[in-house]
Structures are given as structure tokens and as C-alpha cells.
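Engineer: Here it is: the structure, laid out below.
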């Protein structure tokens with residue numbers, strides 16, 4: 001395999017950046033990645049143990065904390081294995097070679113005669129000694145060479161292939177979350193978040209608040225109000241009381257219908273990619289526009305954090321996706337040096353992107369500043385989670401395709417209009433933490449520049465279809481003036497863009513009487529995607545037969561970001577009272593799959609979440625804030641609505657790993673949308689595809 | 001002197017404050033230290049705080065602690081050292097979960113169900129779990145695991 005230098009290795013070139021040996025001769029490896037529930041700790045441990053030749057239970061992995069591990073940026077975008085894992089492999093390969101060299105000189109033989117397996121040095125298959133005996137001679141100051149020779153695919157996965165998630169049992173029966181941290185003398189904090197981040201506090205009876213049960217102290221700084229209490233229950237109850245009793249001045253910037261607002265924009269588009277003149281041929285053009293509303297990340301556990309100040313130094317335990325970026329943002333808010341702040345990752349509920357984790361960390365830090373030396377735990381309420389956390393961005397995409405006389409698409413033109421998809425801490429150079437806006441020394445967020453193309457783009461992610469369509473042009477128009485807060489939600493713009501593009505391809509195939517899958521296959525860019533779609537075709541033939549009037553099928557395909565994992569999804573639906581997804585068959589290719597079952601789990605999760613987005617989810621607003629108070633106002637998919645899933649993975653052990661967590665959302669949404677179109681004969685172009693949307697669409701088509 | 005109220009939690013007897021309106025969720029987490037019972041919404045809408053009270057799955061955020069006087073409560077900690085229990089075994093076998101925040105509640109809801117009923121279909125199991133939300137999309141594996149555990153307990157029951 002050709003060895004490229006992964007970026008983290010350029011920033012952290014020394015062996016000691018990636019591992020240490022404890023006095024007990026245990027190997028501890030460092031990763032700047034964090035476990036978000038996607039199973040990446042297990043996959044990274046597998047990569048280390050495979051590369052070194054040691055049982056995973058004999059080593060440990062320290063995930064991101066600012067005082068210990070490399071800064072690998074945000075754990076996001078399906079990049080943990082691609083960058084983080086490949087960096088660790090190079091570090092471990094360097095370690096392995098050192099161990100073999102040291103052992104060789106001890107034995108007076110050539111290193112090439114030795115092997116390392118199950119933590120033992122072997123000479124021609126015979127045991128010499130345990131690697132423990134030479135670990136104290138490892139030179140941690142040595143550099144990891146740019147061409148560190150990692151194992152060949154044929155040498156891999158001889159052992160330790162079927163590893164269970166190392167953290168699953170504790171998550172099922174124990175208390176591993178930041179929510180569960182408890183310390184002697186700990187206090188419990190709760191912020192009083194207004195409906196909108198830009199609201200100003202007009203009136204609150206602070207004295208009455210300070211007399212609520214369990215309240216130790218009320219903290220007020222500008223429009224930030226929070227309570228410190230003796231228990232989480234009292235903190236939450238006091239904050240709820242304060243929220244109901246307080247008066248706020250709202251900003252004068254109501255947007256009643258975010259999608260109409262997006263559609264009514266007229267400022268210029270920016271061309272973000274263009275591979276030729278899309279208008280060079282005259283001929284028939286087809287067009288489709290699809291929009292998606294704001295949607296919630298919807299973590300089951302609300303945002304939480306623990307913070308403690310001691311001698312002007314702050315320590316924060318958080319489930320943030322980027323501990324270094326959070327540290328820098330906090331340093332900006334408290335106007336202190338970054339070295340005065342330590343941020344340590346601790347497990348949280350699944351986040352699916354940038355949720356309230358970072359905001360809760362600032363809330364905890366503001367409150368803890370009032371009680372020197374005492375740890376303060378903040379757990380947001382469900383109200384906070386539905387009102388204060390960033391949401392997935394609303395957007396609308398219009399695609400046009402040119403069809404030539406031979407029935408091939410020969411030009412493709414996409415216009416994406418969207419709220420920016422990222423406002424993470426540090427984006428645009430500002431902290432972007434909610435309470436940073438509320439405090440007296442207010443730090444307002446900069447206009448988000450969205451995610452740059454080099455990181456896969458934000459709104460325009462996957463606007464370029466994954467097919468050979470001739471010239472493709474993508475234009476983007478960002479809309480900044482909505483009063484709502486949006487940030488990265490799994491797959492960013494790819495979800496809507498894939499739904500539009502795959503929908504348009506379907507429309508064209510239907511109108512030309514071609515099988516939608518065959519039509520896609522004839523436009524494939526390479527054998528890899530063709531194999532994927534052919535496999536999907538052969539696995540789903542039986543699901544296309546004997547369909548009832550109310551049933552339909554649809555497919556969706558995309559290669560995530562154009563260069564990452566490939567995923568094709570087929571679904572069957574029945575449209576009756578609403579839409580029921582009956583069967584899902586998916587075929588994916590993520591290159592080398594470290595943990596094939598872990599990859600499947602991620603793909604299945606992406607499909608199910610995407611079905612939920614597509615059929616059910618839209619954040620209701622009053623033009624200023626959300627009006628969602630509980631899960632009753634924002635239904636998500638339930639157990640009884642889960643289709644049968646057949647998840648097929650094409651393993652390519654000699655290819656680079658491509659990442660998995662965000663490859664299926666777009667294709668799954670597209671497959672559902674296309675299947676509903678197939679069943680109904682009408683396409684729903686404003687997501688979600690609820691019963692109401694179907695009725696409205698049928699009525700307007702009858703007229 | 002006030003007669004002391006008691007309940008039994010995972011086999012251990014605990015005293016209860018008879019005047020408190022504290023939800024059971026916080027009593028379990030903060031007073032008893034059983035923190036697998038999780039706060040998700042505090043509104044009885046997500047199921048992550050589900051525990052078993054006298055055999056029935058109940059959301060502990062909606063249960064007032066003094067109302068469990070004389071009752072028997074089980075939380076997911078009962079499984080801590082019981083990895084051979086059909087449910088735990090099956091959840092591990094199917095790697096049924098991702099972030100795991102919802103899992104203790106789901107384990108409790110399904111334990112109550114399987115302890116009470118036999119010969120359940122997959123749909124019946126799914127419907128019984130509709131009050132428990134999972135956001136990671138691990139539902140299918142969770143249902144696989146519960147079905148398998150149900151099968152194992154049925155086999156055991158008919159021996």
C-alpha cells in the first residue's frame with residue numbers, strides 16, 4: 001500500500017506524542033479522537049494491536065484531552081480511522097521496529113529474523129522473551145519516519161479480528177458518562193437559557209430565585225443567569241422556575257417560515273465547483289428542487305459538563321467533539337491563556353454532530369468560577385436541549401440535468417441555498433458558545449464561512465453527483481440572517497443534495513422508461529461503484545416483484561464527499577395512512593473495514609436516523625425560537641417502525657480505509673423519497689414526507 | 001416517631017423520606033448512587049430512566065419516591081455482574097447499541113416484558129419498546145438481541 005503521511009503525523013512527529021510506557025510496563029497510546037458512541041476506540045485499539053502484534057486487552061488508549069494527546073481537530077466527518085487510525089498505525093509500526101531492533105541486538109541476531117506476536121518476541125517461531133523486557137529502552141523522542149512501513153494488507157488481521165466494543169457493557173449497566181461524574185462537595189448548576197441566544201434579560205427576581213429549594217447561589221452576568229444548587233434536581237427545578245418568571249427582550253428579526261425565506265433570497269450565488277461548460281449543449285433539461293427544514297440532533301441524553309476552577313486554572317470534563325477547539329474558545333471567553341485551561345473528553349450521549357456539548361461546558365465553567373475549587377456539574381434540561389442547542393441547517397437545493405438524444409445525462413447544474421452548516425467553537429475566529437453571547441463581556445459569533453471544500457464542503461457537500469455526467473457546476477448561496485442557531489449535523493448538506501440529485505436521476509429514468517438502477521449503472525464512474533450497484537440490483541430483484549398498488553421501491557447512491565465511502569440503499573415502502581418503510585437493503589464499500597461489524601452498525605444507524613429525518617422530522621418555530629418542548633412535539637422513529645435491514649459490506653482489505661459513519665444518510669433519504677414517488681406517482685419536495693405532506697401534494701396535483 | 005418507609009432496590013432494603021416529592025430517578029442516582037438509570041427528558045417521553053417496579057417497567061422520572069414504599073425495584077445495575085443473563089449475553093452478541101445512553105432503560109423495559117410473557121413476536125417486542133427512544137439507530141440490533149434472549153428464556157422455561 002502506498003504510504004501517505006496522515007496530517008496528524010505532520011503536527012505530531014515524535015513517537016512520544018502517540019504513546020508512553022507506564023512504570024508497570026504497560027503501553028498507553030494517545031489519540032486526539034474521541035469516542036462518541038460510534039465505536040472508534042475499539043476500532044483504534046484493533047488497529048494498534050494488529051499493527052504491533054499484541055492483545056488489545058494488554059494495551060490502553062487515552063482519547064483526547066488537551067494536556068496529553070495530539071490535537072487532531074474535531075472528531076467528525078467519518079475521519080477517525082482515515083486520519084487518526086492511520087497515524088497511529090505509523091507510530092505503532094515505528095515502535096514495533098524499535099522493539100525488534102532492540103531485541104535483535106540483545107539476542108545478537110539480525111532484526112529480520114525476529115517476529116512480534118501476542119506481545120512476544122519470536123525467533124523462527126520460538127519464544128524468546130516478552131516485549132515487556134525491552135519497553136524501558138524505547139526512545140520516545142525518536143521521530144516517526146515519513147515512510148514508516150506499516151504492515152501489508154496480507155499480514156493484517158491474523159489475530160484479534162472479532163473484537164466486541166470495549167465500552168458497551170459499561171454503557172449498558174454502569175455509569176460512564178460525564179452526566180454520571182460525582183465528586184465530594186460537587187455542586188450542580190443549571191443555566192436559565194432564554195428562547196433565543198440574542199435575547200436580553202429584562203426582569204428576574206434574583207432574590208426569590210436564590211430562595212428556591214436547594215439553591216446555594218444565583219449567578220448573573222449580563223443576560224446570563226444560572227443557579228448553583230445542592231442537587232441536579234434542585235438546579236433543574238430552580239432554572240425552570242426562573243425561566244417561567246423571567247422577562248426577556250427579544251430581537252426584532254422574526255422569520256416565520258425558514259424554507260420560504262431561503263427560497264426568496266436573490267443575492268448572488270458563488271460558484272464552488274465547475275468542471276466545464278454545463279450550457280454548451282442544447283437539448284432537454286430536467287429540474288428538481290427539494291428542501292429540508294431545520295432538524296434536531298436530538299441526543300437522548302442532554303448536554304452536560306463538569307468544570308472546576310482552581311488558582312485561576314480551569315479544568316473541564318466534556319463530551320465535546322473537539323477538546324482543543326473548546327479549550328481555545330473558553331480561553332477567548334475568559335480572556336485567559338490557553339495553557340490555563342485543560343479540557344478532558346468524557347463520554348456523552350450520541351451527538352450526531354455539533355450539539356450543545358460545548359455550550360454546556362461554558363455554562364459549567366461560568367458557574368464554577370463563582371465557587372473556587374468546587375467541581376460543578378451542569379446537565380441541561382430537555383427544554384434547553386430543544387431550545388438552546390444548535391440545529392441541523394435548513395436548506396434547499398435545485399438540480400438540473402441535461403439529457404442527450406442517446407439517453408445519457410451530459411451536464412449537471414446544482415444550486416444550493418442554505419444556512420451555513422457549521423458554527424463550531426472557533427469557526428470564523430469566535431468562540432461560538434451560546435452563553436458567550438449572553439454575558440456582559442459578550443462575544444458574538446462571526447458569520448460562519450461554512451465548511452471549506454478541502455474538508456468536503458458544508459452546504460454543497462455531495463452536490464456533485466457520484467456519476468459520469470459530463471460538465472458539473474455547483475453554486476452555493478449562504479443565508480446568514482435567520483435568528484436560529486445551526487451547526488454540523490451528520491453528513492451536512494450531503495443528505496439533501498443526494499436526495500435531490502438521486503430524485504432527479506429517478507425522474508429522468510422514469511420518464512424515459514428506463515429501470516432506475518440500470519440507468520444509474522450506465523453512468524457509473526468506475527468499476528468500484530458499478531460493482532456496488534450491480535450487487536444492489538442482484539440482492540433486491542425479489543423485492544421489486546408483486547408489489548401492491550400502495551407499494552413502491554426506490555434506490556439512492558452516493559460516494560460520500562466524492563472520495564470517501566460508497567453506499568447504495570434500496571427500500572420498499574407502503575404508503576397508506578403514512579409511509580411505512582418495509583425493507584432496506586444496503587451495499588457499502590468503505591475500503592479496508594477495520595471492524596466490519598462496527599462499520600455495519602454505523603451504516604445501519606445512519607439509515608435508520610435518515611429514515612426518521614425523511615419521514616418525520618421538522619423543528620417547529622415561532623419565527624424566533626423553536627416551539628418544541630418535549631419529544632411529543634418532535635416525534636422520531638420508534639421501534640415498531642423499524643424496517644428489516646440487510647446490510648451488505650463489500651470488503652476491500654487492500655484499499656485505504658474511507659470512513660463509514662456518514663455515508664448512508666444521503667442514499668437512505670434518497671431511496672425513501674424515490675420509493676414514495678414510485679408508490680404515489682407524485683414527488684414530495686418539501687421534507688419531511690409526512691401524511692400531511694402527502695395529502696397536500698396529492699390535492700395540489702389533482703387541481 | 002415517624003415510621004420509616006422502605007423499598008427494596010436490587011435486593012437491598014433502603015429507607016425512603018416519606019415527605020419528599022423527589023422523583024425516583026434522582027433518588028436512585030443521587031441518594032443510592034445507582035447511576036445507570038438516566039436522565040433524558042424528565043417528562044416521561046424518552047424511556048432512558050426506565051426501571052422495574054414490582055415487575056412492571058416504569059419511568060422513574062415520573063414516579064415519586066415515596067410511592068414506591070414497600071415495593072421492589074430493579075435497575076440495570078442488576079446486570080453488572082450477570083453477563084451470562086440471556087439479555088446481556090444477547091446484547092453483547094449482537095453488539096446492540098452505539099452510544100448506549102438509552103440502553104439501561106431498554107434493558108429494563110425488555111426484562112420486564114420477557115419476565116412476564118412468552119412467545120412474543122418481533123412486532124410485539126417492538127411495540128412494547130415504543131416508549132423507549134434510541135437516536136443512534138441501533139433499533140434493529142436491539143430487537144435482534146431481545147428476540148434471541150426471549151428465545152433463550154423460552155427454551156430455559158420449557159426445560
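The values are calculated or read from the model by the stated rules, or taken from the named source; none is laboratory data. Nothing here was measured: the structure is a model prediction, and the numbers come from that model. Note that each Cβ is placed from the backbone with ideal geometry, even for glycine, and that neighbours are counted across all protein chains shown.
Engineer: May I ask you to say which residue of A:290, A:272, A:278 is more than 14 Å from every other protein chain (Cβ to nearest Cβ), at negative phi and not in a strand (DSSP E or B)?
Structural biologist: None of the other options fit; the residue is A:278.
Engineer: Now for a different question. Kindly indicate which of A:129, A:160 is touching a helix residue (DSSP H, G or I) at 6+ places or on another chain (Cβ under 8 Å), farther than 30 Å from residue A:388 by Cα and part of a loop (DSSP other than H, G, I, E, B).
Structural biologist: The conditions single out A:160.
Engineer: Hey, can you tell me all the residues within region A:629-642 that are under 23 Å from the mean Cα position of the chain (by Cα) and more than 8 Å from chain B (Cβ to nearest Cβ)?
Structural biologist: Across region A:629-642, the qualifying residues are A:634, A:635.
Engineer: Does region B:90-108 hold any residues that are within 11 Å of chain A (Cβ to nearest Cβ), touching a residue at least 24 places away in the same chain (Cβ under 8 Å), within 13 Å of residue B:145 (Cβ to Cβ) and assigned to a helix (DSSP H, G or I), and which are they?
Structural biologist: B:91, B:93, B:103, B:106, B:107
Engineer: Can we say residue A:254 is closer than 26 Å to residue A:420 by Cβ and either modelled with pLDDT under 95 or outside the structural domain of residue A:308 (by TED's automatic domain parsing) (or both)?
Structural biologist: Yes, satisfied.
Engineer: So residue A:519 fits all but one of (1) over 22 Å from the mean Cα position of the chain (by Cα); (2) more than 19 Å from residue A:666 (Cβ to Cβ); (3) at pLDDT 95 or above; what number is the exception?
Structural biologist: Of (1) over 22 Å from the mean Cα position of the chain (by Cα); (2) more than 19 Å from residue A:666 (Cβ to Cβ); (3) at pLDDT 95 or above, only one is false for residue A:519: (2).
Engineer: I would also like to ask the following. For the condition facing chain A (nearest Cβ under 9 Å) and touching a helix residue (DSSP H, G or I) at 6+ places or on another chain (Cβ under 9 Å), what is the one hit in B:64, B:125, B:73, B:52? Outline the logic, then answer.
Structural biologist: Details: B:64 fails: facing chain A (nearest Cβ under 9 Å); B:73 fails: facing chain A (nearest Cβ under 9 Å); B:52 fails: facing chain A (nearest Cβ under 9 Å).
The conditions single out B:125.
Engineer: In this structure, is residue A:397 touching a residue at least 40 places away in the same chain (Cβ under 8 Å), crowded, with 24+ Cβ neighbours inside 10 Å and outside any loop (DSSP other than H, G, I, E, B)?
Structural biologist: It is true that residue A:397 is touching a residue at least 40 places away in the same chain (Cβ under 8 Å), crowded, with 24+ Cβ neighbours inside 10 Å and outside any loop (DSSP other than H, G, I, E, B).
Engineer: OK, next. Testing residue A:372 on (1) assigned to a helix (DSSP H, G or I); (2) over 30 Å from residue A:258 (Cβ atoms), one condition comes back false. Which one is that?
Structural biologist: All conditions pass for residue A:372, except number (1).
Engineer: Only one of A:82, A:109 is more than 16 Å from residue A:325 (Cβ to Cβ) and outside any helix (DSSP H, G or I). Can you tell me which?
Structural biologist: On inspection, the qualifying residue turns out to be A:109.
Engineer: Pick out the one residue from A:471, A:449, A:425, A:465 that is in contact with a strand residue (DSSP E or B) (Cβ under 9 Å, 6 or more places away or on another chain), in contact (Cβ under 8 Å) with a residue 24 or more places away in the chain and surrounded by 22 or more Cβ atoms within 10 Å (Cβ to Cβ).
Structural biologist: Result: A:465 is the single residue among A:471, A:449, A:425, A:465 that is in contact with a strand residue (DSSP E or B) (Cβ under 9 Å, 6 or more places away or on another chain), in contact (Cβ under 8 Å) with a residue 24 or more places away in the chain and surrounded by 22 or more Cβ atoms within 10 Å (Cβ to Cβ).
Engineer: Can you name every residue in region B:26-46 that is more than 9 Å from the chain's Cα centre (by Cα), more than 8 Å from chain A (Cβ to nearest Cβ) and either under 19 Å from residue A:172 (Cα atoms) or surrounded by fewer than 21 Cβ atoms within 10 Å (Cβ to Cβ) (or both)? Reasoning before the result, please.
Structural biologist: First pass over region B:26-46, keeping only residues more than 9 Å from the chain's Cα centre (by Cα): B:26-36, B:38-46.
Imposing the further condition that a residue be more than 8 Å from chain A (Cβ to nearest Cβ) reduces the set to B:27-28, B:31-32, B:34, B:44.
Those that are more than 9 Å from the chain's Cα centre (by Cα), more than 8 Å from chain A (Cβ to nearest Cβ) and either under 19 Å from residue A:172 (Cα atoms) or surrounded by fewer than 21 Cβ atoms within 10 Å (Cβ to Cβ) (or both): B:28, B:31, B:32, B:34, B:44.
Engineer: Given A:222, A:214, which one is within 12 Å of chain B (Cβ to nearest Cβ), surrounded by 14 or more Cβ atoms within 10 Å (Cβ to Cβ) and on the phi > 0 side of the Ramachandran plot?
Structural biologist: Step by step, each of A:222, A:214 is checked, and only A:214 is within 12 Å of chain B (Cβ to nearest Cβ), surrounded by 14 or more Cβ atoms within 10 Å (Cβ to Cβ) and on the phi > 0 side of the Ramachandran plot.
Engineer: Same structure again: Out of curiosity, is residue A:246 over 30 Å from residue B:133 (Cα atoms), loosely packed, with under 13 Cβ neighbours inside 10 Å and more than 25 Å from the chain's Cα centre (by Cα)?
Structural biologist: Considered against the rule, which asks whether it is over 30 Å from residue B:133 (Cα atoms), loosely packed, with under 13 Cβ neighbours inside 10 Å and more than 25 Å from the chain's Cα centre (by Cα), residue A:246 comes out as no.
Engineer: When region A:167-210 is examined, which residues are found to be outside any loop (DSSP other than H, G, I, E, B), within 14 Å of chain B (Cβ to nearest Cβ) and in contact with a strand residue (DSSP E or B) (Cβ under 7 Å, 6 or more places away or on another chain)?
Structural biologist: Hits for region A:167-210 are A:177, A:178, A:179, A:187, A:188, A:190.
Engineer: Looking at region B:11-25, which of its residues are within 11 Å of chain A (Cβ to nearest Cβ), in contact with a helix residue (DSSP H, G or I) (Cβ under 7 Å, 6 or more places away or on another chain) and in a loop (DSSP other than H, G, I, E, B)?
Structural biologist: B:20, B:22
Engineer: Please state which one of A:599, A:587 is touching a strand residue (DSSP E or B) at 6+ places or on another chain (Cβ under 8 Å), surrounded by 21 or more Cβ atoms within 10 Å (Cβ to Cβ), under 20 Å from residue A:79 (Cβ atoms) and not assigned by TED's automatic domain parsing to the domain that holds residue A:56.
Structural biologist: A:599
Engineer: Got a number for residues in region A:6-37 being in contact with a helix residue (DSSP H, G or I) (Cβ under 6 Å, 6 or more places away or on another chain) and assigned to a loop (DSSP other than H, G, I, E, B)?
Structural biologist: Here the count works out to 5.
Engineer: Let me ask something additional. Among the candidates A:664, A:654, A:697, which residue alone is in the same structural domain as residue A:573 (by TED's automatic domain parsing) and more than 28 Å from residue A:296 (Cα to Cα)?
Structural biologist: Within the list A:664, A:654, A:697, the selection yields A:654.
Engineer: Among all residue pairs at least 6 apart or on different chains, which show Cβ distances below 9 Å where the first residue, located in region B:115-131, is over 24 Å from residue B:45 (Cβ atoms) and the second is in a loop (DSSP other than H, G, I, E, B)?
Structural biologist: Qualifying pairs under 9 Å: B:115/B:55.
Engineer: Name the single residue, out of those in region A:677-696 being touching a helix residue (DSSP H, G or I) at 6+ places or on another chain (Cβ under 8 Å) and free of Cβ contacts under 8 Å to residues at least 40 places away in the same chain, that is surrounded by the fewest Cβ atoms within 10 Å (Cβ to Cβ).
Structural biologist: That would be A:682.
Engineer: Take the conditions facing chain B (nearest Cβ under 10 Å), at pLDDT 95 or above and either in contact with a strand residue (DSSP E or B) (Cβ under 8 Å, 6 or more places away or on another chain) or more than 30 Å from residue A:511 (Cα to Cα) (or both) and apply them to residue A:617. Does it pass? I'd like the intermediate steps shown before the answer.
Structural biologist: Details: facing chain B (nearest Cβ under 10 Å): no; at pLDDT 95 or above: yes; either in contact with a strand residue (DSSP E or B) (Cβ under 8 Å, 6 or more places away or on another chain) or more than 30 Å from residue A:511 (Cα to Cα) (or both): yes.
Considered against the rule, which asks whether it is facing chain B (nearest Cβ under 10 Å), at pLDDT 95 or above and either in contact with a strand residue (DSSP E or B) (Cβ under 8 Å, 6 or more places away or on another chain) or more than 30 Å from residue A:511 (Cα to Cα) (or both), residue A:617 comes out as no.
Engineer: Filtering region A:156-166 down to residues that are under 27 Å from the mean Cα position of the chain (by Cα) and buried (at least 16 other Cβ atoms within 10 Å of the Cβ), which residue is nearest to the other protein chains (Cβ to nearest Cβ)?
Structural biologist: A:165
Engineer: Just to be sure I understand, how many residues within region A:94-105 are crowded, with 20+ Cβ neighbours inside 10 Å and within 36 Å of the chain's Cα centre (by Cα)?
Structural biologist: The total comes to 3.
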